[in-house]
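Structure record follows, encoded as structure tokens.
The values are calculated or read from the model by the stated rules, or taken from the named source; none is laboratory data. These numbers come from a predicted model, not from an experiment. Every residue, glycine among them, receives a Cβ derived from its backbone with ideal geometry; neighbour counts consider all protein chains shown.
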Amino acid sequence: MSGTCVQKSGSDPIDARRIRLGLTEVSYVVEAVAGGSRNDTADLLRKFNACYLILSHVAFPIHGLVCTGMQVSASNDSTRSETALQVASGAGHGLHRPTGSTGWRFEGSFVIRAVHLPRGCDCGPSAVFIPSRGSLPILRWNSSTIFTMGGVLDLVRGRRDGAVVHDIATSGPAATEGKTEAGAVSDSNSDRLSLEERNEKEIIEHPDTVTADAQLGQKKAEAAALVWSKPAVYATYAWIWICFFMLALQQSILSNVMYLAYADFASAPEISTAYILAAIVGSVLKLPIAKVLNLWGRAEGFLVFELIYLVGIIIIASCSDANSFAAGYVLYWIGYDAVYFIMDVFIADTSGLRNRAFAFAFVSTPFICTAFTGPLAAQSFLTMTTWRWAVGSFAIIMTFVFTPLAVVFKFFQMKAEKQGLFKKERSGRTIWQSTKHYFVEFDIIGALLLIAAFVLFLLPFSMSTYGRTSYNTATFIVMVVIGFLLFFVFAAWEKFWTKSHFIRWELFKKRTVLGACILAAVLYYSFYSWDTYFYYFVQVVYDLNIANTGYMTQIYNIGSCFWGVVFGIWIRYTKRFKYTCLFFGLPLMFLGAGLMIRFRGQDSNIGYIVMCQIFIAFAGGTLVIGEQMAVMAAADRDGVPMMLAVLNLSAGLGGAIGYAVAAAIYTNTFPYALQSTLPAESVADWATIYAGGSASQMLYPMGSETRNAINYAWGYSQKYNSISATCCLILGIPAIAMWKNYSVDRKQNKGTLM
């Protein structure tokens, strides 16, 4: 906790660059102005045209330096009253650390409100004290903390040439409100506070009322949280866990019986079309869903997409041709993704920021259970009934699982209405006026631009994966280029022309949000680069049965869900997450993906592959939770749903590209390696071996020359997939480094929270 004391004579000017501090630094400046009359000091402060040190009750000795306070007018605004600090004596002394003290002790009480040193100031103080960055000296009075130096409150738009300081809370009569932690609150002008600071200021000033200027969906969520009790919160979380468990179980069962649903028309082009549409539409629709949740309400949106999800299940269970299957499959995934996303928003609404990482990890733990129970339940369904019942029964079951969750939130919302905390206000608009109102509020043009950008950018990669186009065709190139350019068109629209932002510009431009989205895309690209053919790789090379192959592919799900809980507890106690992601999560991901380059193939023991998977799983559990916390910490409550939607869409974008790249690597490496190593008697059959997949490849006995050639080809292909997965992780370093080091020691939400 050392500082710098710059000594100057009373007449020598001090270079302002020596004491100029960036607005983003946690720092403080104590200035001793040269002695002079009241008028001289006032003229000096007017010349600086800035807000300087405000002191009250100042009269204390500090190792020979005696200071007294005097009231002066310090700005052009005649209504403001400031206090300058005058040096009465000192003989060249600066501020000193008392012997044996761990901080800087001032024998007296005073209040510091704000300080700003403008560019090019020309002043002659006898001493300027600047605490070092990072360590914050604590000033004490009678063994009780008066304040901690640090914090940035009074932000000056467009200026980075001054030091701006928190208002400080004391127990004295002149005390003002404030905190010094990142994301804390001040009584500075609200338009000068960051987004998260304004949100926290609103919570502290109005903790028991619904936010007046919030959107309707946020008001409803706040109203419910303000009236329910702690037992209700815990009971709701228990039910949300059940909802996630049943959702995971249903999806696991469906994935195990899906091939029977389209067995009679597996080669129909509608099947691949359905896969492409489900992957893209399910991801892109999260953006308008997030907007709907804020404008309309969480419970209402949940019920609508629950209905879509159930309709999709019913259509799949009753389908008899490719068209009906495709329609049901697309509706199912739209509903599934939406329901999952809205439950994530429920978790974000009902948890404080400090416990949210644990809450998000906690509700992902059902995937640990269903990794083993899902296939067993699917087999039981097929033994006792048919695949149609395995799918269709969940249309009944999930109705009774999901609906109570929406009912709970509506019940507490209505309770808040009865208590007067929330009132439904009629707009008084006509149908045409309401149409125009929601057209503007929803930012339809911005929404269409962003959705079109993502669809055009994602679609060609998905089409190439299913053989519907190739990288060198005009269709592929044109769609990618137009989609990429539309992102810039959307940014320009949001910046210059829209009246109501689809994604608020203040969120859109945050470096933390950008870095988290880049990391999400990088992680999913890396994951799909090695995972796309991992199932067939371990099955063929290590001659595993279906059960053991399934266990190998579930290592990531089990490990990441388990470690996510551990990381959530870590964040709970350390209150930080950035540097854990940067110095633990990302290096561990490098290690796991990099070792896959070495340990793939039949020459390495399968235990090394398991080790790599564990490394990747623990790294994924850290980084996925970290990127979610980054976007939520950077946002206010209103922005959390949209930030989660953008993050999920970025992950989908990276995953689609990774999937396409993995397919391209496989098709260009596996046939070459296979042909070059097959024995002479099997060379003519290479196309059959390649097209037949793992089923035909495993017909050749282990140890035979043909099987060795097949295993070599898999290892050769997987090597380049692992290289691709490892190299792209380099982008994760700047992506995490650009995050702001947020503290999660704040609520972000009102009401009774977890």
### Summary
Filtering region 220-249 down to residues that are buried (at least 20 other Cβ atoms within 10 Å of the Cβ) and out of contact with any Gly (no Cβ under 9 Å at 6 or more places or on another chain) yields THR236, ILE240, CYS243, PHE244, LEU247
### Query
Any residue at all in region 448-460 that is part of a helix (DSSP H, G or I), over 25 Å from the mean Cα position of the chain (by Cα) and outside the structural domain of VAL292 (by TED's automatic domain parsing)?
yes
### Query
Which of the residues spanning region 190-247 are under 30 Å from THR373 (Cβ atoms), in contact (Cβ under 8 Å) with a residue 24 or more places away in the chain and not aromatic (Phe, Trp, Tyr)?
ALA232, VAL233, THR236, ILE240, ILE242, CYS243, MET246, LEU247
### Query
When TRP387 is evaluated against the numbered criteria (1) in contact (Cβ under 8 Å) with a residue 40 or more places away in the chain; (2) hydrophobic (A, V, I, L, M, F, W, C); (3) closer than 25 Å to PRO641 by Cα, which criterion, by number, is the only one it fails?
(3)
### Query
What residue, of SER255, SER320, is surrounded by fewer than 17 Cβ atoms within 10 Å (Cβ to Cβ) and either of a type in the set (Lys, Arg) or not in a helix (DSSP H, G or I) (or both)?
SER320
### Task
For region 484-496, indicate whether the set of residues that are surrounded by fewer than 22 Cβ atoms within 10 Å (Cβ to Cβ) and either in contact with a strand residue (DSSP E or B) (Cβ under 9 Å, 6 or more places away or on another chain) or among the β-branched types (Val, Ile, Thr) (or both) is non-empty.
yes
### Message
Looking at the structure I just gave you, is THR370 among the polar types (S, T, N, Q) and exposed (fewer than 15 other Cβ atoms within 10 Å of the Cβ)?
### Response
no
### Query
If we keep just the residues of region 510-551 that are among the charged types (D, E, K, R) and under 29 Å from the mean Cα position of the chain (by Cα), which is surrounded by the fewest Cβ atoms within 10 Å (Cβ to Cβ)?
ARG511
### Message
Let me spell it out: the conditions are (1) touching a residue at least 40 places away in the same chain (Cβ under 8 Å); (2) assigned by TED's automatic domain parsing to the domain that holds ALA279, and CYS319 meets all of them except one. Which number is the exception?
### Response
(2)
### Message
Out of the residues in region 302-316 meeting the condition of being closer than 29 Å to ALA221 by Cβ and without any contact (Cβ under 8 Å) to a residue 60 or more places away in the chain, tell me which one is nearest to the chain's Cα centre (by Cα).
### Response
PHE305
### Query
Taking ARG356, is it in a helix (DSSP H, G or I), basic (Lys, Arg) and buried (at least 22 other Cβ atoms within 10 Å of the Cβ)?
yes
### Query
Would you say LEU287 is under 25 Å from the mean Cα position of the chain (by Cα) and aliphatic (A, V, I, L, M)?
yes
## Note on the structure
Across (1) surrounded by fewer than 19 Cβ atoms within 10 Å (Cβ to Cβ); (2) of a type in the set (Asp, Glu); (3) closer than 30 Å to ALA223 by Cα, GLU681 clears everything bar (3)
### Message
Which pairs turn up if I take residues in region 679-692 that are within 16 Å of TYR712 (Cβ to Cβ) and look for partners that are not in a helix (DSSP H, G or I) with beta carbon separation below 6 Å, at least 6 apart in sequence or on another chain?
### Response
TRP686/LEU678
#### Entry: In region 537-576, the residues that are outside any helix (DSSP H, G or I), among the hydrophobic types (A, V, I, L, M, F, W, C) and under 14 Å from GLY620 (Cβ atoms)
none
### Message
Kindly evaluate LEU507 against the criterion of being hydrophobic (A, V, I, L, M, F, W, C) and either more than 20 Å from the chain's Cα centre (by Cα) or within 30 Å of THR549 (Cβ to Cβ) (or both).
### Response
no
